[in-house]
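J.: Just passing along the structure, written as structure tokens.
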Amino acid sequence: MTLLIFSYVLAAFLFFFSYYLDSRGDKNTTLFTTISMSSAFVALFAAVSAHLLYLGNTSISVLIFRLCLIVLAFTVVSIHTYVHSVPYDDKITFVRLIGWLLTGFAVYLVFVSSFAAEWGPSGFRISSTPFYGIMDGFTLFSLVYFIALPGLTVLSLVLRAFALKSRIYRQRLLFIALSIIAGYLSGWGLWQLSLWYYWALPLVPFAFAVLIMLVYQSNQMSTLLDANRTIASLVNFLVLGVLFSAVTGLAIAVLYEFIPHSPLSALVMVAVAAVMLSLRTLIARPLHRYVRVGSEYEEDLEAGLDAINFNAGGDEVIKSTVSLLENFMEASTVEIMVADEKGRLSTVFSSTGAKNEIKSDNKAIDFLLGHTDSIVLKTQAITLHAYEEIKEDLLKVFDLARADALILLREGHKIIGLVLLGPKKRGADYTAYDFGVLSRLYSNFFLVLYYLKNIANESVVLTVDRELEFSGQIISSIQDNIDRISNDKVDVDFITRSARKLGGDFIDFIQLGPDKSLFVMGDVSGKGLNASMSMVILKSVLRTFLSETGDFKQLVVKVNSFIKNNLPKGTFFAGVFGLLDFKNNVLYYINCGVPAMFLYTATYNNAIEIQGDGKVLGFVRDIGKFLKVKKIALNPEDVILMTTDGLVDSMNLRGERFGKDRVQRMLLDNRAYASSRIARFLHESLTEFVSRELDDDITVLVIKYLAK
């Protein structure tokens, strides 16, 4: 009976799960909390009853067993009541009344029939007296609460599912029905096993855990499953997993039976397994290629978005983007809306020819901006409890363009535009796979909308050199939104220059309070328009992540994950994140590959290199263990100077690098000047050194501490 410990653990888990559901405070989980709690008591009473019976305390064991059956009946009835409240959270009085009557009947049945439980030679046995001469009480209880009521529950779910027009709700009900079937089948199987092997009895309550978790997950589904992908995955699993394993096992079994046992026979079996594994590998690739039913399009869509030519003008950018969405996502219609300076959204393209407008004070848009939600499917707007308070307004946005999917593009908490996708061709719906693709390719759509927003507002399309002008606007917009550090204790300035006006050097300041300021300086990989766009995106997500976390190191971890998962493949960021704490006169910083960072201290009258080793962001997925938060105590006249690789790696006509030594000497020679002059002198020294146009972007940041 050592397995009883698992029943106690299960009861504890279900109690904890009930507490979790109750702590969420969602009104649509209240009844499900009751189901989870009652299931926990079923597991607990079953374990205690079996334990007492095994110890020989029959009378108390039978009493606890009766309580277990009553609570079990209440749980089954509660599940029946719960599924009738799905999907609209309806409270049907008639169903609740029937539920209480069935619970009362269970109490009557359990106490009228005399139950007995015992360990027999062949396992666990339950007996009871006949109920009014019909059949024994336990058999009648089983027929009502294990067969009839669950059967009616499943039947009502199926009938209601096919009567619904909403596919997401239909999918929910059908999955709940399958979950109930799976739960009861697993319970029946474990019960049959326990009749012959008494040690399996403590495992029977696990069927409730299976049922509860499956039903809960089914009712949380907010996106449709892609039937094609499900079928493809099933076929691949059956062929590559089940079939090959069965054939390999059968072949080895036959060899084991007929080949004399020797070291040679073992080698033959290993060879057979190796051959089957090689054959499986050969078949896997063509099988994955042909058994995918046209559902896996992410790589093709990403390649198409990456290939968009932004020099071709706004009309061509729109045409290319719409064509990709129609071909790969099978969107029947596409509408693109761009925000003006006041946040009012207007249609710049619609495949239906519509001209729509969304006001700047739209509740749904404000909610999404405040909650960092960027991709929303109509099925989610209908089903997710998180959207309950703005559900009506959100559905109006979808209905405005007759859309089933929405992509909201933002810069921090400021909206850039919307992409609204109409229903899929051939009547299909957007699935979890589509949602994942849109989420992962968000940065590509951001690039398109940011480009269109600037064209709409600045008439860039009329300029002679579209790309140069557009990149110039990006750099200008970044500098305009910087929260310049204004504190009597410090003098901060910087200089940034882009080679040919195109680049990814990045600097930003964000004021966190009267005594704290955050700064980020570095270089986004690449050149030209793509690097500039990556820079703008990083600036946007930085402010978004700051609203989600107050942990300095975790902020950098989140930025790394975003670069790795959302920006174009191969993008990385080399720089530094710093946090100035004026109250404590301290600089905290995390080095992310900044090439040159020097500290001049008046105490020692010397400039030392302080950056140490740093991990560039965008290469390693789990970078947290590599990041170190360093601390510098700041004193009057201390000067910190940092610069990107464009400065230290610049070469003159003789092939000599500017190098860190010159930066260090420049800092020592000019330490007495204001930070703006130190940065300017360093830039002028570089210009004189190279004697030609810069080949790479440069950024210099100078922080001069004035007083404690």
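The values are calculated or read from the model by the stated rules, or taken from the named source; none is laboratory data. This one's a predicted model, so the numbers in the text were calculated from it and none came from an experiment. Don't worry about glycine lacking a Cβ; one is built from the backbone with ideal geometry, like all the others, and counts go over all protein chains shown.
One line per residue, one yes/no per condition, for (1) over 37 Å from the mean Cα position of the chain (by Cα); (2) part of a helix (DSSP H, G or I); (3) modelled with pLDDT of 85 or more:
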| position | (1), (2), (3) |
| --- | --- |
| 18 | no, yes, yes |
| 31 | no, yes, no |
| 36 | no, yes, yes |
| 39 | no, yes, yes |
| 50 | yes, yes, no |
| 69 | yes, yes, yes |
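J.: Would you please name the residue that is modelled with the highest pLDDT, looking only at residues in segment 280-319 that are among the β-branched types (Val, Ile, Thr) and farther than 30 Å from residue 243 by Cα?
T.: Result: 318.
J.: Another one. Answer yes or no as to whether residue 440 is touching a residue at least 60 places away in the same chain (Cβ under 8 Å), outside the structural domain of residue 537 (by TED's automatic domain parsing) and over 30 Å from residue 563 (Cα atoms).
T.: For residue 440, the condition - touching a residue at least 60 places away in the same chain (Cβ under 8 Å), outside the structural domain of residue 537 (by TED's automatic domain parsing) and over 30 Å from residue 563 (Cα atoms) - is not met.
J.: Tally time: how many residues in segment 432-451 are under 13 Å from residue 380 (Cβ atoms) and of a type in the set (A, V, I, L, M)?
T.: Result for segment 432-451: 2.
J.: Taking only segment 571-621 into account, find how many residues are in contact with a strand residue (DSSP E or B) (Cβ under 6 Å, 6 or more places away or on another chain), β-branched (Val, Ile, Thr) and outside any strand (DSSP E or B).
T.: Within segment 571-621, residues that are in contact with a strand residue (DSSP E or B) (Cβ under 6 Å, 6 or more places away or on another chain), β-branched (Val, Ile, Thr) and outside any strand (DSSP E or B) number 3.
J.: On the basis of being over 16 Å from residue 220 (Cβ atoms), touching a residue at least 40 places away in the same chain (Cβ under 8 Å) and aromatic (Phe, Trp, Tyr), does residue 54 make the cut?
T.: yes
J.: Return a yes/no flag: does segment 96-116 have any residue that is buried (at least 18 other Cβ atoms within 10 Å of the Cβ), of a type outside the set (A, V, I, L, M, F, W, C) and modelled with pLDDT under 85.
T.: Yes, the conditions are met somewhere in segment 96-116.
J.: Taking segment 631-661 on its own, how many of its residues are surrounded by fewer than 16 Cβ atoms within 10 Å (Cβ to Cβ) and under 18 Å from residue 578 (Cβ atoms)?
T.: Result for segment 631-661: 3.
J.: Okay, moving on. Give me the pairs, please: first residue somewhere in segment 556-569 and assigned by TED's automatic domain parsing to the domain that holds residue 522, second residue anywhere and in a helix (DSSP H, G or I) and among the acidic types (Asp, Glu), beta-carbon distance under 9 Å, and either six or more positions apart or on two chains.
T.: 568/302; 568/306; 569/302; 569/306
J.: Criterion first (assigned by TED's automatic domain parsing to the domain that holds residue 335, within 16 Å of residue 321 (Cα to Cα) and either modelled with pLDDT of 80 or more or in contact with a Ser or Thr (Cβ under 8 Å, 6 or more places away or on another chain) (or both)) does residue 447 satisfy it? Spell out the reasoning first.
T.: Values: assigned by TED's automatic domain parsing to the domain that holds residue 335: yes; within 16 Å of residue 321 (Cα to Cα): yes; either modelled with pLDDT of 80 or more or in contact with a Ser or Thr (Cβ under 8 Å, 6 or more places away or on another chain) (or both): no.
For residue 447, the condition - assigned by TED's automatic domain parsing to the domain that holds residue 335, within 16 Å of residue 321 (Cα to Cα) and either modelled with pLDDT of 80 or more or in contact with a Ser or Thr (Cβ under 8 Å, 6 or more places away or on another chain) (or both) - is not met.
J.: So, residue 646, is that one assigned by TED's automatic domain parsing to the domain that holds residue 583, closer than 21 Å to residue 520 by Cβ and in a loop (DSSP other than H, G, I, E, B) or not?
T.: No.
J.: Moving on to the next point. Go through segment 409-437 and give me each residue that's under 20 Å from residue 168 (Cβ atoms) and at pLDDT 90 or above.
T.: Within segment 409-437, 420, 421, 422 meet the criteria.
J.: Now for a different question. Tell me which of these residue 621 doesn't satisfy, since it passes every other one: (1) surrounded by 11 or more Cβ atoms within 10 Å (Cβ to Cβ); (2) in contact (Cβ under 8 Å) with a residue 12 or more places away in the chain.
T.: Of everything listed in (1) surrounded by 11 or more Cβ atoms within 10 Å (Cβ to Cβ); (2) in contact (Cβ under 8 Å) with a residue 12 or more places away in the chain, residue 621 misses just condition (1).
J.: Can you tell me how many residues in segment 413-432 are surrounded by fewer than 18 Cβ atoms within 10 Å (Cβ to Cβ) and either touching a residue at least 60 places away in the same chain (Cβ under 8 Å) or not in a helix (DSSP H, G or I) (or both)? So that I can check it myself, show each step before the final result.
T.: The first filter runs over segment 413-432 and keeps only residues surrounded by fewer than 18 Cβ atoms within 10 Å (Cβ to Cβ), leaving 413-414, 424-428, 432.
Adding the requirement that they be either touching a residue at least 60 places away in the same chain (Cβ under 8 Å) or not in a helix (DSSP H, G or I) (or both) leaves 413-414, 424-426, 428, 432.
Summing the residues that are surrounded by fewer than 18 Cβ atoms within 10 Å (Cβ to Cβ) and either touching a residue at least 60 places away in the same chain (Cβ under 8 Å) or not in a helix (DSSP H, G or I) (or both) in segment 413-432 gives 7.
J.: A further question follows. When segment 665-680 is examined, which residues are found to be buried (at least 17 other Cβ atoms within 10 Å of the Cβ) and in a helix (DSSP H, G or I)? Full working, then the answer.
T.: Going through segment 665-680, the residues buried (at least 17 other Cβ atoms within 10 Å of the Cβ) turn out to be 666-667, 670-671, 675, 678-680.
The answer is 666, 667, 670, 675, 678, 679, 680.
J.: Moving on. Just for segment 340-378: of the residues that are over 25 Å from residue 423 (Cβ atoms) and outside any loop (DSSP other than H, G, I, E, B), which one is modelled with the lowest pLDDT?
T.: Per the criteria, the residue is 370.
J.: Report whether or not residue 407 is within 21 Å of the chain's Cα centre (by Cα), under 14 Å from residue 438 (Cβ atoms) and assigned by TED's automatic domain parsing to the domain that holds residue 445.
T.: yes
This table checks each residue for (1) outside any helix (DSSP H, G or I); (2) within 24 Å of residue 69 (Cα to Cα); (3) within 28 Å of the chain's Cα centre (by Cα); (4) at pLDDT 85 or above.
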position: 158; (1), (2), (3), (4): no, no, no, yes
position: 176; (1), (2), (3), (4): no, yes, yes, yes
position: 179; (1), (2), (3), (4): no, yes, yes, yes
position: 192; (1), (2), (3), (4): no, yes, no, no
position: 195; (1), (2), (3), (4): no, yes, no, no
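J.: Right, something else. Going by the structure shown, is residue 77 modelled with pLDDT under 90, of a type outside the set (Gly, Ala, Ser), touching a helix residue (DSSP H, G or I) at 6+ places or on another chain (Cβ under 7 Å) and buried (at least 18 other Cβ atoms within 10 Å of the Cβ)? Write out each step before concluding.
T.: Values: modelled with pLDDT under 90: no; of a type outside the set (Gly, Ala, Ser): yes; touching a helix residue (DSSP H, G or I) at 6+ places or on another chain (Cβ under 7 Å): yes; buried (at least 18 other Cβ atoms within 10 Å of the Cβ): yes.
Criteria not met by residue 77.
J.: Quick one: which residue in 106, 40, 73, 46 is touching a Pro at 6+ places or on another chain (Cβ under 8 Å), in the same structural domain as residue 140 (by TED's automatic domain parsing) and either touching a residue at least 12 places away in the same chain (Cβ under 8 Å) or not β-branched (Val, Ile, Thr) (or both)?
T.: Just one listed residue meets the conditions, 46.
J.: Quick check on segment 203-223. Is at least one of its residues under 18 Å from residue 89 (Cβ atoms), at pLDDT 85 or above and either outside the structural domain of residue 268 (by TED's automatic domain parsing) or outside any loop (DSSP other than H, G, I, E, B) (or both)?
T.: yes
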